[in-house]
Amino acid sequence: MQTGYFGEFGGAFIPEILHETFRRLTEAYEAARADPAFWNEYLRLMENYSGRPTPLTFAGNLSRQFGRRVYIKREDLNQTGAHKANNVMGQGLLMRRMGKTRAIAETGAGQHGMACATMAARMGFECVIYMGAEDVERQRSNVFWMERLGATVVPVTSGSRTLKDAVNEAMRDWVGSMDHTHYVLGTACGAHPFPEMVSWFQSIIGLEARKQILEAEGRLPTHVYACVGGGSNAMGIFQGFLDDPDVTLVGVEAGGKGLASGHHASRLASGSGAIGVAQGYKTFFLQNDDGQMLDTHSVAAGLDYVGVSPILAHLHASGRIRCEAATDREVLDALQRLMRQEGLIPALESSHAVAQAFKELPTLPPEAVVIINLSGRGDKDIFTIADALEDPGWRRYIRKKAADYSVNEA
Amino acid sequence: MTPTPLETHIRARLAAQKTASPILLMSHLVLGHPSLEENRRVIDAMAANGVDLMELQIPFSEPIADGPVIALANQAALDHGFRVEEGLRFIGETVRRHPEIPFLIMTYFNILLARGVERFIREAAELGARGLIIPDLPPQEADAAMAACREFGNGNLDWIQLLTPTSTDERLRFIGERAAGFCYCVARKGVTGKRTDFDAQVRQFIDRCRAAASTPLAVGFGVKWPEDVDALRGVADIAVVGTAAMEHHASGGAIAVGAFFGELSRGRRADSTA
């Protein structure tokens, strides 16, 4: 079997012009991985810059209500408020090791782009973020921060003007700039070595969580829940427990308006994903009979993606992980319950893991110990969440704000 | 390796130009953009104006190897409801309509996977396509597909290899050893903006390709004017014209595309008799 495969998934299906670029990156990644000093430097940086280790918070109120012990892994406390920081800082260190000075990245809703912009600012790199023109329009607050952090945000007007077109545009940039530029891919997808490399940086979540739960409970959890878009936060926490067959690992995809509605982004749990090759790798994709990728839907932009990490596809196919889907409605309910009960504000993405845990908790044995990976915080997404909750006060505020601007600029 | 019928055809066309540095023209179009009916008119106009080979692209929703203009055309064709089944039927009709021109199918690997790789290749051979260009299936992944081409094509369906300036000499040799029909050399602009530097770079790259592959070489690097074709004379065997033809089509339809190729091939004839 060739390297970069996980079962039948993964690989590197890239245009020939990128072959050498990927070969050099793979070489640099493997050298870094074989060097313990690199990982130690990474740990020190994450400790000092991103507040790691993030706590494993015991959710006392929920535990009482469900009669089972519930813990929450607090990736929301990272720099820029999500697990994305783990990946960008790791790739930033790799860039420095490779002697590169310019970082490029794709971004959908803007979370990864923003994380990448902070990394570039701290490390002194030039930073260019490719973002679909439609996303630039929809996600002004993240564009604002990226630009203020010194990054150049390039609106991509080709194709469907969204995430996949941003990926393609970043690839085009990389073809002509590989000597000094690194492409900071945002999730555990794409061509080898990205799925493996991003999962490696994210494994910091699982390593910490395993140690923390053993300290707190003196035993391993029975269940671990994580949301799955591209799959990097799930890969991160699952890696702490892959070799413990008694730990049930549950990946939660975006059920959107319900799996039967067709408006979802569930490639594994829905059973409607088919094995294909796109964007450089082989995995389950939501596609039609011709092999054309379908439009996906989720209330959470970060889960609204047509493919899924080839490593998760393999773990799913081999039966090591179980995949489920939570609907937009279930997710909004779970988000509000977690806020009210524990004072935590989860991102819409992370709320999928919370929703699935809430669905299953009443049916678990009383001695169950559950970890929910809270991959990101929601307060930074106030525009999106207030919209999703149809908050009337927020609407009044935005209308008034808009009116103020029109008066002042008139 | 003995030359395939496609390579023999290309060499005969080159020889027929009776000049020291002949060059063929290969055009590219995206099926279903703007429509198959319009594709038919454009193909007729190309055939009547000196195009030697044609590349027909089956649209894909994730065209990662294409530039922005062609990527947009892929999406537009899909938005208009393009289906692979009718695209293949159209390719069959087109081959019968222009038996003198070798047609190549360009698309992405997922289109083959979704239909069944063997089935797609068998159908392509039956329709009379002469080659497949699949830019996201690198040679180290393509053994089964290449074997299927040999099995179902009986020598008439070549798996076209792509060579790029970023490849090392060793990599070029690895690919060159697997070449059949011709090699497609992707000489992208972007590294330097200066035309003169670019020409020197292309020449150097093509020299490396010659050393690696014994087949004829097609070069695509944004041909826009007759001088661009002349610049490739003595360097490449086939000039690929893609984006420029689409731009002419957008502004003046099939007639403008015909006139554009007419100009490219007239320049070619004038020069070859000079």
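The values are calculated or read from the model by the stated rules, or taken from the named source; none is laboratory data. Since the structure is predicted, the reported quantities are computational estimates derived from the model, not experimental observations. Note that we place each Cβ from the backbone using ideal geometry, even for glycine, and neighbour counts take in every protein chain shown.
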>> Looking at the range A:1-21, I want the residues that are without any contact (Cβ under 8 Å) to a residue 12 or more places away in the chain and have a partner that is polar (S, T, N, Q) and assigned to a helix (DSSP H, G or I) with Cβ atoms under 9 Å, at least 6 apart or on another chain. Which pairs are those?
In response: A:GLN2/B:GLN140
>> Take the conditions under 25 Å from A:GLY7 (Cβ atoms) and within 14 Å of another protein chain (Cβ to nearest Cβ) and apply them to A:CYS189. Does it pass?
In response: yes
> So A:MET119 clears everything in (1) within 17 Å of the chain's Cα centre (by Cα); (2) in a helix (DSSP H, G or I); (3) within 14 Å of another protein chain (Cβ to nearest Cβ) except one condition, right? Which one?
Replying inline: (3)
> What pairs can you find where one residue is in the range B:11-24 and at positive phi, the other is part of a helix (DSSP H, G or I) and surrounded by 15 or more Cβ atoms within 10 Å (Cβ to Cβ), and their Cβ atoms are less than 9 Å apart, with a gap of 6+ or different chains?
Replying inline: B:LYS18/B:SER272
> Pick from the range A:10-66 the residues that are polar (S, T, N, Q) and not in a helix (DSSP H, G or I): which of them is surrounded by the most Cβ atoms within 10 Å (Cβ to Cβ)?
Replying inline: A:THR54
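Matching residues to (1) surrounded by 15 or more Cβ atoms within 10 Å (Cβ to Cβ); (2) under 25 Å from A:GLY186 (Cα atoms):
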residue: A:THR363; (1), (2): no, no
residue: A:PRO366; (1), (2): no, no
residue: A:ILE371; (1), (2): yes, yes
residue: A:LEU374; (1), (2): yes, yes
residue: A:ARG377; (1), (2): yes, yes
residue: A:ILE382; (1), (2): no, yes
residue: A:ALA388; (1), (2): yes, yes
residue: A:PRO392; (1), (2): no, no
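Among the residues of the range B:153-164, is any more than 18 Å from B:THR4 (Cα to Cα), more than 10 Å from chain A (Cβ to nearest Cβ), buried (at least 22 other Cβ atoms within 10 Å of the Cβ) and not charged (D, E, K, R)?
Looking for residues that are more than 18 Å from B:THR4 (Cα to Cα), more than 10 Å from chain A (Cβ to nearest Cβ), buried (at least 22 other Cβ atoms within 10 Å of the Cβ) and not charged (D, E, K, R), one finds none in the range B:153-164, hence no.
Criterion first (in contact (Cβ under 8 Å) with a residue 24 or more places away in the chain, farther than 21 Å from A:GLN356 by Cβ and touching a strand residue (DSSP E or B) at 6+ places or on another chain (Cβ under 8 Å)) does A:VAL228 satisfy it?
no
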>> I'd like the residue in the range B:177-191 that is surrounded by fewer than 22 Cβ atoms within 10 Å (Cβ to Cβ) and modelled with pLDDT of 95 or more and, out of all such residues, is nearest to the other protein chains (Cβ to nearest Cβ).
In response: B:ARG178
> Residue check, A:ALA325 against (1) farther than 28 Å from A:HIS192 by Cβ; (2) in a strand (DSSP E or B), all met but one. Which one?
Replying inline: (1)
>> Among the residues that make up the range A:158-166, is at least one of them more than 14 Å from chain B (Cβ to nearest Cβ) and farther than 21 Å from A:GLU75 by Cα?
In response: no
> Can you name the residue in the range A:279-315 that is β-branched (Val, Ile, Thr) and out of contact with any Pro (no Cβ under 7 Å at 6 or more places or on another chain) and, of all such residues, is nearest to the other protein chains (Cβ to nearest Cβ)?
Replying inline: A:VAL306
> Can you name the condition, by its number, that B:PHE109 falls short on among (1) more than 7 Å from every other protein chain (Cβ to nearest Cβ); (2) without any contact (Cβ under 8 Å) to a residue 40 or more places away in the chain; (3) among the aromatic types (Phe, Trp, Tyr)?
Replying inline: (1)
>> I'd like to know if the range A:396-406 contains one or more residues that are more than 20 Å from A:ALA59 (Cβ to Cβ), under 27 Å from the mean Cα position of the chain (by Cα), surrounded by fewer than 13 Cβ atoms within 10 Å (Cβ to Cβ) and outside the structural domain of A:THR248 (by TED's automatic domain parsing).
In response: no
> Does A:GLU147 count as without any contact (Cβ under 8 Å) to a residue 24 or more places away in the chain, touching a strand residue (DSSP E or B) at 6+ places or on another chain (Cβ under 7 Å) and more than 20 Å from A:LEU312 (Cα to Cα)?
Replying inline: yes
>> I'm told A:GLN356 meets every condition in (1) without any contact (Cβ under 8 Å) to a residue 24 or more places away in the chain; (2) buried (at least 18 other Cβ atoms within 10 Å of the Cβ) except one. Can you identify the failing condition by its number?
In response: (1)
> Mind checking which residues of the range A:266-305 are modelled with pLDDT under 95 and within 24 Å of A:ILE385 (Cβ to Cβ)?
Replying inline: A:ASP295, A:THR296, A:HIS297, A:SER298, A:VAL299, A:ALA300, A:ALA301, A:GLY302, A:LEU303, A:ASP304, A:TYR305
